[in-house]
Amino acid sequence: MKQIIIIGGGAAGFFCASNLDEKKYNITILEQNSDVLQKVKISGGGRCNVTHACFDPRELVQFYPRGNKELLSVFTKFQPGDTMDWFDQRNVPLKIENDNRTFPESNSSQTIINTFLNEAQKKNVVVQTKCSVKDIEKQGEKYLVKTNSGDFEADYIVYTTGSSPKSLKIVQNLGHKIIDLVPSLFTFNIKDELLKDLPGTSFENAGVSIPKLKTEESGPLLITHWGLSGPAVLKISAWEAINLAKLKYNFEIEVNFISIDINEAEEIFQNFKQGNPKKSIGQSKVFDITNRFWQKILEISKVDLNKQVANISGKEMQKILENLCRKKLQVTGKSTFKDEFVTAGGVDLKEINFKNMASKLLPNFYIAGEVLNIDAVTGGFNFQACWSEGWLISQDLNSL
């Protein structure tokens, strides 16, 4: 029987193994950590954000800053609906939440991990943990995989190591071009009087732009102890990952906390002023934001909280609206989003055949997952790319 070695016991590696024909192959997974599927375990706060309920491949690829063109053909063969069916067939019901993120009904990532471990067991997959690959040598038709636990011979290699520099060095030594790694999906570190003492304050829909890069995103926004987070920030950090690395994470952003154009906001304010002249400005609910944030806006706009709304001058109103709709903040660094560290960069996509995820340079060598220069915004998209790529590899190997 032919030997398949899967290097990396994460999402892509296990999904590939779970769909291989065990009557044709001996399958071994080599994982350097003491536990497999570690990212699956911590994803979605331990609930595992399996996929995203977006069933049109053309729409789905819009969530991938890198890899969107290449993934279109991949998702036409295996997309989130197929992922949901796959788990359903194995008695793992999934649920779609309001924002279309999809989780196991059990709300536990362990359900997903157990499913993969059961599949691996059924297919007699050998899983070797604490097995660190040092080098891979091409030997005639086969490969020799050198590890700290001895050497393994492989007819086929499935390379799903994640994006560690060490694993990229190994494929680089085999001839693949590597695009430099930079972080993607991170939060912004900002020291500013407006954000001070307000961690946990959230905005349902805010606009965040980076004037220097002429780019903007909108979505929920969250004030944290160190600055700003939430989907609006995470999306812009993913799309601009390479440019922000070049700026050394030092740049100015402009935030519209209420996602309303400043002229429209002025109209709302004027109407409120006419209808509530006697109210104190500090107790007024002019816009849909928390009282604490509103009072902080008034404070930094140097407006007396006890002032009656009728007595707010045009100048004061402009100052308030500028701070609400066009607040400039200096970003002075980044923080990892939760534990879900995602990178842009990796194996150059031009060197991969996206019909089956095979290397164009190395025979019988497949590459999938985060080791490729593919990444997505948050919401289950990174896993979906892993499932789809792993599926394509298994189908290609099963057809040989």
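The values are calculated or read from the model by the stated rules, or taken from the named source; none is laboratory data. These numbers were taken from a predicted model, which means no experiment stands behind them. Note that we place each Cβ from the backbone using ideal geometry, even for glycine, and neighbour counts take in every protein chain shown. Calculation scope for accessible area: heavy atoms of the full protein, side chains included, ligands and nucleic acids excluded. Shrake-Rupley method; radii C 1.70, N 1.55, O 1.52, S 1.80 Å.
At least 1 residues being open to solvent by 70 Å² or more (accessible area, probe 1.4 Å) is the threshold, and among the strands (runs of 3 or more DSSP E) wholly inside segment 197-278 those reaching it are 202-210, 215-223, 250-256.
Looking only at segment 279-324, residues that are under 35 Å from the mean Cα position of the chain (by Cα) and open to solvent by 30 Å² or more (accessible area, probe 1.4 Å) come to 7 in all.
Identify the residue in segment 374-392 that is small (Gly, Ala, Ser) and out of contact with any His (no Cβ under 8 Å at 6 or more places or on another chain) and, among all such residues, is nearest to Gln62 (Cα to Cα). It comes out as Ala376.
Residues of segment 368-379 being more than 14 Å from Leu71 (Cβ to Cβ) and out of contact with any Leu (no Cβ under 8 Å at 6 or more places or on another chain), which ones? Across segment 368-379, the qualifying residue is only Gly379. Candidates are the residues of segment 108-133 that are hydrophobic (A, V, I, L, M, F, W, C) and open to solvent by 40 Å² or more (accessible area, probe 1.4 Å); the one that is farthest from Lys24 (Cα to Cα) is Leu117. For segment 161-178, which residues satisfy the criterion of being open to solvent by 40 Å² or more (accessible area, probe 1.4 Å), more than 24 Å from the chain's Cα centre (by Cα) and touching a residue at least 40 places away in the same chain (Cβ under 8 Å)? Once the filter is applied, which keeps residues that are open to solvent by 40 Å² or more (accessible area, probe 1.4 Å), more than 24 Å from the chain's Cα centre (by Cα) and touching a residue at least 40 places away in the same chain (Cβ under 8 Å), segment 161-178 yields only Gly175. Just so you know, in segment 88-111 the residues that are touching a residue at least 60 places away in the same chain (Cβ under 8 Å), over 17 Å from the mean Cα position of the chain (by Cα) and part of a loop (DSSP other than H, G, I, E, B) include one that is farthest from Ala11 (Cα to Cα), and it is Asn107. Kindly evaluate Gly10 against the criterion of being at pLDDT below 95 and either open to solvent by 10 Å² or more (accessible area, probe 1.4 Å) or not small (Gly, Ala, Ser) (or both). So Gly10 fails the test.
Any chance segment 332-353 includes a residue that's at pLDDT 95 or above, open to solvent by 50 Å² or more (accessible area, probe 1.4 Å), in contact with a helix residue (DSSP H, G or I) (Cβ under 9 Å, 6 or more places away or on another chain) and assigned to a loop (DSSP other than H, G, I, E, B)? Looking through segment 332-353, none of the residues is at pLDDT 95 or above, open to solvent by 50 Å² or more (accessible area, probe 1.4 Å), in contact with a helix residue (DSSP H, G or I) (Cβ under 9 Å, 6 or more places away or on another chain) and assigned to a loop (DSSP other than H, G, I, E, B). In segment 45-70, the residues that are on the phi < 0 side of the Ramachandran plot and in a strand (DSSP E or B) form Cβ pairs under 9 Å with partners that are acidic (Asp, Glu) and surrounded by 18 or more Cβ atoms within 10 Å (Cβ to Cβ), at six or more places apart or across chains, as follows: Arg66/Asp375.
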